[in-house]
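Report on one structure; see the data block that follows.
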Amino acid sequence: MDNRNISLPAKILVYAIMVIFTVLTIYPILWLVLQSFKTNTTYLTTNKLSFPSSLYLGNYAFVINQGNFFGFFKNSLIYTSVTVAVVVVLSNMAGFAFAKLNYKITKLLHGIFIVGILLTMQSILIPLFLMVSAAGIHNTRWAVLIPYIALGLPMGVYLCTDFQKSIPDELLEAARIDGASFISIFSRVVLPMCAPVSVTLAIITFTGNWNEFILMNLMTSSEKLKAIPYMVGRYAGALGSDYGKLFTSLTVALIPILIFYSIFRNQITKGVAAGAVKG
């Protein structure tokens, strides 16, 4: 559409809507960061929407030095990075099999995976806990990683299968004629072409697991195995909350997500564009 054909009032309306949505998106994050520089007393005795008159760094010093931030951060990084890597690789492998191998059993297995999308975590928490306890891995990192991976695979397999169906069979046949093995076709031809859906899946898995609290807290009893969401929850209670430290922990928990987006923003845009074109 030629912008010159748009009337001035229409342009003003469009820009006004864009500004409003931008403010609504950025302001809560900005407010959270600024409130983290207030003491608990200052927050409770001043206007909740006001900005701090001075920057109090004691909350950050406490959360990082005395709040075991690096221990929680390490666990979150392990849980999230391992889950993302395994889910992306296994989903692409399964998607390749379901999309390109025409066997009767592949349709059955694909249907079983898709049913997993309908299951909510809350509905299977008790069975998962009993299975983990029976396997003798409760209060270990495996007790968190295995359910995370299992819960991430149904959506991953669905996305990768649907995406790989759009890859021309002639391309794979040409690679096979050239002498490429089954593994080479997948790793050198299919997997690079699946970068958009892989990035999309990585984002979904990363954000979901980084912010997940219930399953992680249920499967581990030792604080040494807890992750960032547990750290945030320590500063919020039914009888009282330390809002300064709460806002600080939320701020530091938000930083990795912002870094992740900054690094992969180009791939995210390409993934969204590819999905729009494909759709």
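Numbers below:
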item	result
Using θ = phi - 60° and Karplus 6.51 cos²θ - 1.76 cosθ + 1.60, couplings along the stretch 165-175 (whole Hz; Gly, Pro as x)	5, 7, 6, x, 5, 4, 5, 5, 5, 5, 5
Test item: Cα-centred dipole of the chain, Lys/Arg +1 and Asp/Glu -1 on Cβ, debye	240
Amide hydrogen neighbours beyond the local backbone of I167, cut-off 5 Å, H modeled	none
The stretch 4-80: trypsin sites (Lys or Arg not before Pro) in DSSP coil with no more than 16 other Cβ atoms inside 10 Å	K48
Links that overshoot a 25 Å alpha carbon limit, given the list K48/K226; K224/K245; K74/K245	K48/K226
Inter-label distance for T207 and N266, nm, one decimal - labels placed 7 Å from Cα along Cα-to-Cβ	2.2
Angle between the chain longest axis and helix 195-210 axis [Cα atoms, degrees, rounded to 10]	40
Residues S222 and I124, FRET efficiency given R0 of 22 Å [Cβ-Cβ distance, rounded to 0.05]	0.45
Burial ordering of T45, T140, T83, fewest other beta-carbon atoms within 10 Å first	T45, T140, T83
Folded to 0 to 90 degrees: helix 243-278 orientation relative to the chain principal axis, Cα	30
Proximal aspartates and glutamates relative to K100, as straight alpha-carbon distance under 17 Å, when same-chain residues fewer than 8 apart are discounted	D162, D169, E170, E173
Ascending count of other beta-carbon atoms within 10 Å, so fewest first, for R265, R234	R265, R234
Residues S53, S76 arranged by fewest to most Cβ contacts within 10 Å	S53, S76
Whole-number percent relative contact order across the chain, with pairs defined as alpha carbons under 8 Å at least 6 apart	30
Tilt relative to the chain, helix 104-115 - C-alpha long axis, 0 to 90 degrees, to 10	10
Förster-model FRET efficiency, 45 Å R0, D178 and L109, C-beta, rounded to 0.05	0.95
Qualifying chymotrypsin sites (Phe, Trp or Tyr not before Pro) for the stretch 99-133 [loop in DSSP, other Cβ within 10 Å: at most 10]	Y103
Nonlocal amide H pairs with A236, under 5 Å, H built at 1.01 Å	none
Charge sum, other residues only, whose C-beta stays under 12 Å from R234's C-beta, Lys/Arg counted +1 and Asp/Glu -1	0
Under the Karplus curve 6.51 cos²θ - 1.76 cosθ + 1.60, θ = phi - 60°, whole-Hz ³J(HN,Hα) for the stretch 26-43, x wherever Gly or Pro sits	7, 4, x, 5, 4, 4, 4, 4, 5, 5, 5, 8, 9, 6, 4, 5, 4, 5
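Bear in mind these aren't lab numbers, they're just calculated from the coordinates by the rules spelled out. Remember, it's a predicted structure, so these values are computed and weren't measured experimentally. Every residue, glycine as well, gets a Cβ built from its backbone with ideal geometry; the counts of neighbours run over all protein chains shown.
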